[in-house]
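Undergrad: My questions will all concern the structure given below.
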Amino acid sequence: MSRRSGTSTLERSRVGRLARARSRGWWIGAAATVLLLLSGGAALWLLLDDGTSEPSPTAADVLRFHSRPRLDPDRVRVVVPAQGRTAPGYVFLAVKRGPGQDGPQIVDEAGHVVWFRPTPRPLTATGFRVQRYRGEPVLTWWQGRTRLGHGMGEYVILDRHYRQVAVVRAGHGYMGDHHELQLTPRGTAYMSVYAPRRADLSMVGGPRDGTIFESIVQEVDIVTGKVVWEWHSADHLSVGEGMTAPKEDKPHDYFHVNSVDEDARGNLLISARNMHAIYAVSKQSGSVLWRLGGKRSDFAMGPGARFAFQHDAVWMSGGALRRSATISLFDNEATPPQADQSRGLVLRLDMSARAARVVREYRHPDRLLSIAEGNLQTLPGGNVFLGWGPERHVSELSRDGRLLFDLVVPPRADSYQAFRFPWHGEPLDRPALAARRRTGSERVTVWASWNGATALRGWQLLAGEDPDALVPLGEPVPRRNFETALRARTDAKYVAVAALSARGRQIGRSRTVKP
């Protein structure tokens, strides 16, 4: 573990504990999802409703569900339907600052919610994606609060049954930041941390006795919570390399770590937004192996290779000490604007010649300029998936830059990153059901949903006079949204629904309800 000069481990821990104590009041356990079962009925005929015909005062931007009344996610809208060969899988978002509830959500290519979990107010979520833990696919995200561009929170890991596997927190008294969480095959997690530190800012026009926000990278054992490795930006990189000027009203955020990625030999690729630079860092010594971009680049930057205020630097091939390497990143180019639009960028690094050249770049046809956030994910088959942060768009582009799919989150909302992954979710709770009979008639509407059930393809209405002896009523109907509405005429006392797989096999059943 790296040790820095000028501040002892004890002092760093004390600062971290004070920060934790100030924020202890907002630590809230994950909110339990409540299943509310309303009255139901049974039918002689069925009509399918995909849920879009049930308007409400906020229907334009917020989804409401009869069967899950405590879930109010933001509505995402597909503006360019999937065309050509998009990659398989669902879209993973963590919409925040919208009119609905904040929280991680999975949507399909039609923009329909597949799974959603609201974060406890006033917390938000970022970085929602699929990773692997103990050899199995898991869902991971950060949740907490943000202030001055930094996060104060914790990291959540769920299995395919949506059960909590672990909650990971930063060590040494610090609080986990929202920019990064990377799981390793070793059962550890890399995370970003911000902490104040005294520093001489005279070389950048600030006071000699100034304060910086130091960027810290920790590797933490997921099971024990022990910090197994720690790196401090101020131990290795001068504030003079920063590209932004100090502000009088807050510590100088000269570095601003926003991504960490490990190569095959364990060396790290660390993105520093406010340096306009990406650093290869030795895992063994913590020293900087080379700089890419910024004021002191070790590489000659070829035409178009310069980037600014970037995010999400990832190894694609090679590594820090190989003869060559390919990396990808999201090049914001703002703020303030350094170009007229943001882009996804792939660079080839020649280590012997110390030269960087552009391999590919990806731009949105609407010429989006993202002042913050954003990511570039390389998909199997060569397509790429981009989250445009506050510009609201989420896009899939072909290898040659053609727009294949595009959706937007509501106005004033954003998703820090966006991803596409295959996912097979098997919730352990029952399908949810609500039913209502029109007064004085046999007309009954039944609403069914099953949060996170990716194998769900249809619904079979069950009805009868005996709650323990219901029988199928009518033909199965396909699932076409998070919640499917079935309308029927019947005088039966009880109803339920059976969830069906693509082959028509029952994979779940709701409670039986009485209208």
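The values are calculated or read from the model by the stated rules, or taken from the named source; none is laboratory data. Quantities reported herein were computed from a predicted structural model and do not represent experimental measurements. Here Cβ is always computed from backbone atoms with ideal geometry, including for glycine, and neighbour counts include all displayed protein chains.
Undergrad: Going through Asp366, Asp312, Asp331 one at a time, which residue ends up being under 18 Å from the mean Cα position of the chain (by Cα), under 30 Å from Arg97 (Cβ atoms) and charged (D, E, K, R)?
TA: Asp312
Undergrad: Further question on the same structure: Is there a residue in the stretch 216-232 that is modelled with pLDDT of 95 or more, buried (at least 16 other Cβ atoms within 10 Å of the Cβ), out of contact with any His (no Cβ under 7 Å at 6 or more places or on another chain) and outside any strand (DSSP E or B)?
TA: Looking through the stretch 216-232, at least one residue is modelled with pLDDT of 95 or more, buried (at least 16 other Cβ atoms within 10 Å of the Cβ), out of contact with any His (no Cβ under 7 Å at 6 or more places or on another chain) and outside any strand (DSSP E or B).
Undergrad: Same structure again: Assigned to a loop (DSSP other than H, G, I, E, B) and either in contact (Cβ under 8 Å) with a residue 40 or more places away in the chain or over 22 Å from Gln105 (Cα atoms) (or both): does that describe Arg511?
TA: Working: assigned to a loop (DSSP other than H, G, I, E, B): yes; either in contact (Cβ under 8 Å) with a residue 40 or more places away in the chain or over 22 Å from Gln105 (Cα atoms) (or both): yes.
Against the criterion (assigned to a loop (DSSP other than H, G, I, E, B) and either in contact (Cβ under 8 Å) with a residue 40 or more places away in the chain or over 22 Å from Gln105 (Cα atoms) (or both)), Arg511 qualifies.
Undergrad: If you check every pair at least six apart or on different chains, which have Cβ atoms under 6 Å apart with a residue in the stretch 205-226 that is without any contact (Cβ under 8 Å) to a residue 40 or more places away in the chain first and a residue that is surrounded by fewer than 20 Cβ atoms within 10 Å (Cβ to Cβ) second?
TA: Sorted first by the residue in the stretch 205-226, then by its partner, the pairs are Arg208/Asp200; Arg208/Ser202; Glu219/Val228; Glu219/Trp229; Asp221/Val228.
Undergrad: Between Leu349, Leu386, Leu407, Leu376, which is in contact (Cβ under 8 Å) with a residue 60 or more places away in the chain, assigned to a strand (DSSP E or B) and closer than 26 Å to Pro303 by Cβ?
TA: Only one candidate passes the filter, namely Leu376.
Undergrad: For the stretch 56-87, what are the residues that are in a loop (DSSP other than H, G, I, E, B), in contact with a Leu (Cβ under 9 Å, 6 or more places away or on another chain), exposed (fewer than 15 other Cβ atoms within 10 Å of the Cβ) and at pLDDT 95 or above?
TA: Pro69, Arg70
Residues are listed down the side, and each one gets a yes or a no for (1) at pLDDT below 95; (2) among the hydroxyl-bearing types (Ser, Thr, Tyr); (3) surrounded by fewer than 23 Cβ atoms within 10 Å (Cβ to Cβ); (4) not assigned by TED's automatic domain parsing to the domain that holds Ile216:
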site	(1), (2), (3), (4)
Tyr279	no, yes, no, no
Ser282	no, yes, yes, no
Trp290	no, no, yes, no
Gly304	no, no, yes, yes
Phe307	no, no, no, yes
Leu321	no, no, yes, yes
Phe330	no, no, no, yes
Gln338	no, no, yes, yes
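Undergrad: Taking the stretch 410-448 as the region of interest, how many residues are in a strand (DSSP E or B) and acidic (Asp, Glu)?
TA: So the answer is 1.
Undergrad: Shifting gears a bit: If you check Gly176, Gly171, Gly210, which single one turns out to be touching a strand residue (DSSP E or B) at 6+ places or on another chain (Cβ under 6 Å), modelled with pLDDT of 95 or more, of a type outside the set (Val, Ile, Thr) and under 17 Å from Gly127 (Cβ atoms)?
TA: Details: Gly171 fails: under 17 Å from Gly127 (Cβ atoms); Gly210 fails: under 17 Å from Gly127 (Cβ atoms).
Gly176 is the lone residue from the list that is touching a strand residue (DSSP E or B) at 6+ places or on another chain (Cβ under 6 Å), modelled with pLDDT of 95 or more, of a type outside the set (Val, Ile, Thr) and under 17 Å from Gly127 (Cβ atoms).
Undergrad: I need the full set of residues from the stretch 388-407 which are small (Gly, Ala, Ser), within 17 Å of the chain's Cα centre (by Cα) and on the phi > 0 side of the Ramachandran plot, in order please.
TA: Gly389
Undergrad: Can you pull out the residues in the stretch 167-182 that are within 17 Å of the chain's Cα centre (by Cα), buried (at least 21 other Cβ atoms within 10 Å of the Cβ) and of a type in the set (A, V, I, L, M)?
TA: Those that are within 17 Å of the chain's Cα centre (by Cα), buried (at least 21 other Cβ atoms within 10 Å of the Cβ) and of a type in the set (A, V, I, L, M): Val168, Leu181.
Undergrad: In the stretch 283-325, which residues are of a type outside the set (D, E, K, R), part of a loop (DSSP other than H, G, I, E, B) and within 20 Å of Glu262 (Cβ to Cβ)?
TA: Gln284, Ser285, Gly286, Ser287, Gln310, Gly319, Ala320, Leu321
Okay, residues lined up against (1) over 21 Å from Leu63 (Cβ atoms); (2) under 13 Å from the mean Cα position of the chain (by Cα):
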site	(1), (2)
Asp102	no, yes
Trp142	yes, yes
Leu148	yes, no
Arg160	yes, no
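Undergrad: Further question: Run down Ser398, Ser449, Ser501 and say which single residue is of a type outside the set (A, V, I, L, M, F, W, C) and crowded, with 20+ Cβ neighbours inside 10 Å.
TA: Criteria check complete, one pass: Ser449.
Undergrad: Further question on the same structure: Of all residues in the stretch 342-372, which are touching an Asp or Glu at 6+ places or on another chain (Cβ under 8 Å) and of a type in the set (Ser, Thr, Tyr)?
TA: Ser342, Ser370
Undergrad: Next question. Does Ala498 qualify as being outside any loop (DSSP other than H, G, I, E, B), outside the structural domain of Val113 (by TED's automatic domain parsing), modelled with pLDDT under 95 and closer than 21 Å to Ala453 by Cα?
TA: So Ala498 does not fit the description; no.
Matching residues to (1) in the same structural domain as Val394 (by TED's automatic domain parsing); (2) in contact with a Phe, Trp or Tyr (Cβ under 8 Å, 6 or more places away or on another chain); (3) among the hydrophobic types (A, V, I, L, M, F, W, C):
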{"position": "Ala87", "(1), (2), (3)": "yes, yes, yes"}
{"position": "Tyr90", "(1), (2), (3)": "yes, yes, no"}
{"position": "Asp108", "(1), (2), (3)": "yes, yes, no"}
{"position": "Pro122", "(1), (2), (3)": "yes, yes, no"}
{"position": "Gly135", "(1), (2), (3)": "yes, no, no"}
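Undergrad: Quick check on this structure: which one of Arg160, Arg186 is in a loop (DSSP other than H, G, I, E, B) and without any contact (Cβ under 8 Å) to a residue 40 or more places away in the chain?
TA: Arg186
Undergrad: Only one of these conditions is not met by Arg438: (1) farther than 25 Å from Arg64 by Cβ; (2) over 35 Å from the mean Cα position of the chain (by Cα). Which number is it?
TA: Result: Arg438 fails condition (1) only.
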